[in-house]
Each structure stands twice: as structure tokens, then as C-alpha cells.
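The values are calculated or read from the model by the stated rules, or taken from the named source; none is laboratory data. No experiment lies behind these values; they were computed from the predicted model shown. Note that each Cβ is placed from the backbone with ideal geometry, even for glycine, and that neighbours are counted across all protein chains shown.
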């Protein structure tokens, strides 16, 4: 099967949607399919992107007649069996791809955002009404994303979580763990909650001088006791996995706007204990059949965050607990997620492959 994957954001910039699209492409190719990816800023097809405020962050996208023409040319050249558009409500290539594919190729759309702006939903309802109604399959990555997309009246949407490279993260786990509490994410994005992590570390380090406080991810300067263990600048994926695999605890003090929680399942796979804000998407990701596989704190509450981290550090981390966390993370591996997506593809193509 030849699948055209359309990502609305520049693949050269960090982001969960970009990672998911690239991971899906790799998983499809490993399964013997031909996966092609279209995104802003890649090669010469779609360039000249701009940044817009989207879901509380700044997203690099492209838009306009030139983009629409380039998307149509690319689709005609690829001539896929199916077009899979990610975040079609974003003002970017996905919007144009969905309209261009409508009636010519089977279409599937994945909705990632939990905080889609009202104006974008209004525009999408008007500009994509027919295309959305004729989707072969609609996927939402979480209940939060499903609720956000409800105004679009999608045809029979289903929830399929984001996939990730489970083996790559599990192989990075180290034993025994270091006395490290780590923040993973973009420090400059207020939604990620680095300010809460910083405040907590400054208040706790006097009582816990044996703990190292790590900032893993891009952003501005950090101040003691927080350190960047590899110095300033971005980390490679391999190095990030190694560092997460060394940490005893990974915290996700995000304040809003999260639709999944990829950083959580990556940390679980690497064997770390997780402390996360009680955002609905995070609660869902951590909810195993036999209870939560992480500890929650009240979103935006540094006292609650500190208490959760203290309780986690005070609780012995057993082999059984680490195994349970990894087994739960495995449910989001590509081995588990890809068959669910393929079932949606088959449905969109009328049961043929």
C-alpha cells in the first residue's frame, strides 16, 4: 500500500505530531508499505513557512494558494492508495491535502489537539464540511482530542493513541537508577510547566542534597540546583533516551493543552517513575487496567507537585513496579498501534488493501 502522510508542521522543529508522523512512516515501511511524507519546510515542495499561535504554542506552518497548488502537484505525483492527514484543522498543508484528495483518494484524518482554537473549528466546519463528512476514517489520539473535535461532527471517530519506539526507549533503561529528578520538554513553552519544576527544585534541594535536578530539552538558561547534564543545546534522540533511562523520576508538570502524553510513555518504557499533572489526557495515558502507573499532582500547584515527588522518592521502586510500567508503555508501541491504524485504512478503502 502506498500511503501519503501529511503533517502540518515543519519536521525540522521538535513536536509530538511530527514525531508521530515520522514514527508512523517508519512503522509502515518496516511492515512493507510505501509511506511518503509531506510537511512544510521539507525539500523544495513546500517552503516559506510562517509561525502562528496554535494551541497555546507557536507552530511553523504554510498556507495560501501556492501551498494548495504544491500539495495538489505532490499528491498527483505520488498517486497514493490512501491519504492520511494529520491535524487537518491547522492552517497548513493538511487542510489543502484533505480538500485536494476528496473524491480522488480514500482519506483518513488524525486529530491530535486538545485545545483547537474556536476560530479554527469554525473555519474548518465551513471550509472542510464536505471533506470531513466524507472521511473514510477519523482518528483521535485521546478522549481529550475527541472532545475537542466534537464540533466537527466527524463520521464515527475512534481513539487510537500515539505510537512510539518502545524498544528504543526500553533499551535505554539503566539499573540501578541515579538519584535524578528530570524535566523533559521545551522550557520556553509555558504549557510544559518548567517554572513549576524550577520552583519545586529550589524548595526541595536543601532537604534532598543527594538529588540531581536535570533539565532535558531545549530552552533558555537554568539556575542551580537545576543543571543541563550535557550542557546547553538540544540533545540527540539517543542521548535523550540515555538520560531519561538514568533518571529515577521524570516529572511532567504541564499546565494545559495536552492531548496525549508521549513523554510519559517514553519515561515509563525507560523504567523511570512518573509524576504528572492531573490533566485528563495524562490521567488516561497513565491509567492501566489495574490502576495508575504514575503519581498525579494538581495541575499548576507547586506544593502538590513537591508532595508527589517526595512521596515517589520515598516509595521503594521494585522490579515488579518497573516491569508493570514497561508493560503498560508497550501498549503504545508501534507493534500495538500500527494494526489499529491499518484497520482504519482498510475501512477507508472499503475493506480492500
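When 149, 145, 247, 201 are checked against the criterion of being over 28 Å from residue 336 (Cα atoms), out of contact with any helix residue (DSSP H, G or I) (no Cβ under 7 Å at 6 or more places or on another chain) and crowded, with 21+ Cβ neighbours inside 10 Å, 201 stands alone in meeting it. One residue stands out in the stretch 88-114 among those that are part of a loop (DSSP other than H, G, I, E, B) and at pLDDT 90 or above: the one that is farthest from the chain's Cα centre (by Cα), namely 104. Scanning the stretch 153-191 for residues that are part of a helix (DSSP H, G or I) and touching a strand residue (DSSP E or B) at 6+ places or on another chain (Cβ under 8 Å) yields 166, 167, 191. Within the stretch 217-234, identify whether any single residue is under 21 Å from the mean Cα position of the chain (by Cα), closer than 21 Å to residue 308 by Cβ and buried (at least 19 other Cβ atoms within 10 Å of the Cβ), and answer yes or no. Yes: the stretch 217-234 contains one or more residues that are under 21 Å from the mean Cα position of the chain (by Cα), closer than 21 Å to residue 308 by Cβ and buried (at least 19 other Cβ atoms within 10 Å of the Cβ).
Of the strands (runs of 3 or more DSSP E) lying entirely inside the stretch 1-56, those containing at least 3 residues that are farther than 23 Å from residue 265 by Cα, modelled with pLDDT of 80 or more and touching a helix residue (DSSP H, G or I) at 6+ places or on another chain (Cβ under 6 Å) span 2-6, 34-38.
What are the residues in the stretch 77-100 that are closer than 19 Å to residue 348 by Cα and out of contact with any helix residue (DSSP H, G or I) (no Cβ under 8 Å at 6 or more places or on another chain), if any? Within the stretch 77-100, 78, 79, 80, 81, 94 meet the criteria. Of the residues making up the stretch 285-294, one or more are surrounded by fewer than 23 Cβ atoms within 10 Å (Cβ to Cβ), outside the structural domain of residue 12 (by TED's automatic domain parsing) and at positive phi. Can you find a residue in the stretch 322-343 that is over 26 Å from residue 3 (Cα atoms), in the same structural domain as residue 180 (by TED's automatic domain parsing) and assigned to a loop (DSSP other than H, G, I, E, B)? Looking through the stretch 322-343, none of the residues is over 26 Å from residue 3 (Cα atoms), in the same structural domain as residue 180 (by TED's automatic domain parsing) and assigned to a loop (DSSP other than H, G, I, E, B).
Within the stretch 229-243, the only residue that satisfies the criterion of being in contact (Cβ under 8 Å) with a residue 60 or more places away in the chain and in contact with a strand residue (DSSP E or B) (Cβ under 6 Å, 6 or more places away or on another chain) is 243.
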